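The values are calculated or read from the model by the stated rules, or taken from the named source; none is laboratory data. None of the values given here were measured: they were computed from a predicted structure. A quick note on method: Cβ atoms are made from the backbone with ideal geometry, for glycine too, and the neighbour counts reach across all protein chains shown. In case anyone asks, the SASA skips ligands and DNA or RNA and just uses the protein heavy atoms, side chains included. Shrake-Rupley method; radii C 1.70, N 1.55, O 1.52, S 1.80 Å.
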Amino acid sequence: MNARWPSIRFTVNGESRTVQVPPMKRLLDVLREDLHLTGVKEGCGEGECGSCSVRMNGELVNSCLLPILQAEGAEIQTVEGLALGGELHRLQEAFLQHGGAQCGICTPGMLMAAAQLLESKPQPSRSEMREALAGNLCRCTGFMRIFASVEAAGKIAEPAVHEAHDAR
């Protein structure tokens, strides 16, 4: 830790963390470089592609646009936080089974946006999926496999362990 910078405290995937980094360093860079959570990806760096999406205090955000200072005291969930105890989240399983993941750049952001959607709408329509995933770009597919994956995950009851984790 560097004594020149303020201590910034927040929770990531249920674990309390403290970093001493420049306060304007992007949340994306802190997650990847300082906390080694490399699931979050940088696509455009401008908040347009959704590859860097994480959940902060229950809301989907583009981590490439947020200075770490804004994460002070926040609850952050990255794609690594979807899987618990070595068990993939139902969305992760569905993406594997239905070909929703292609090159992997957009996949973490798609998973986070889809998790946000399924939390409020357990069995969303295609229209609701399109709207919820509109902030995430994929250049590898026509989104049909992604929609099929989200649809399949919506049909699987979420285990209580994930519900307890999401409630933190």
Quiz item: Does segment 118-154 hold any residues that are within 16 Å of residue 62 (Cα to Cα) and touching a residue at least 12 places away in the same chain (Cβ under 8 Å), and which are they?
Solution: 132, 133, 135, 136, 137, 138
Quiz item: Are any residues in segment 26-53 outside any loop (DSSP other than H, G, I, E, B) and among the small types (Gly, Ala, Ser), and if so, which ones?
Solution: 53
Practice problem: All but one of (1) more than 18 Å from residue 40 (Cα to Cα); (2) under 16 Å from the mean Cα position of the chain (by Cα); (3) open to solvent by 70 Å² or more (accessible area, probe 1.4 Å); (4) touching a residue at least 60 places away in the same chain (Cβ under 8 Å) hold for residue 105, so report the exception by its number. | Solution: (1)
Quiz prompt | Candidate set from segment 45-78 (those that are among the charged types (D, E, K, R) and surrounded by 15 or more Cβ atoms within 10 Å (Cβ to Cβ)); member that is farthest from residue 109 (Cα to Cα) | solution = 75
Practice problem: Answer yes or no as to whether residue 30 is surrounded by 18 or more Cβ atoms within 10 Å (Cβ to Cβ), within 15 Å of the chain's Cα centre (by Cα) and farther than 21 Å from residue 138 by Cα. | Solution: yes
Quiz item: Across segment 57-102, which residue is farthest from residue 35 (Cα to Cα) among those that are acidic (Asp, Glu), within 14 Å of the chain's Cα centre (by Cα) and not in a helix (DSSP H, G or I)?
Solution: 59
Practice problem: Determine which single condition residue 134 fails, assuming it passes every other condition in (1) out of contact with any strand residue (DSSP E or B) (no Cβ under 9 Å at 6 or more places or on another chain); (2) within 30 Å of residue 25 (Cβ to Cβ); (3) open to solvent by less than 10 Å² (accessible area, probe 1.4 Å). | Solution: (3)
Quiz item: Taking segment 9-25, which residues are farther than 19 Å from residue 39 by Cβ and part of a strand (DSSP E or B)?
Solution: 9, 16, 18, 20
Quiz prompt | Among the residues listed as 81, 85, the single one being touching a residue at least 40 places away in the same chain (Cβ under 8 Å), out of contact with any strand residue (DSSP E or B) (no Cβ under 7 Å at 6 or more places or on another chain) and surrounded by fewer than 16 Cβ atoms within 10 Å (Cβ to Cβ) | solution = 85
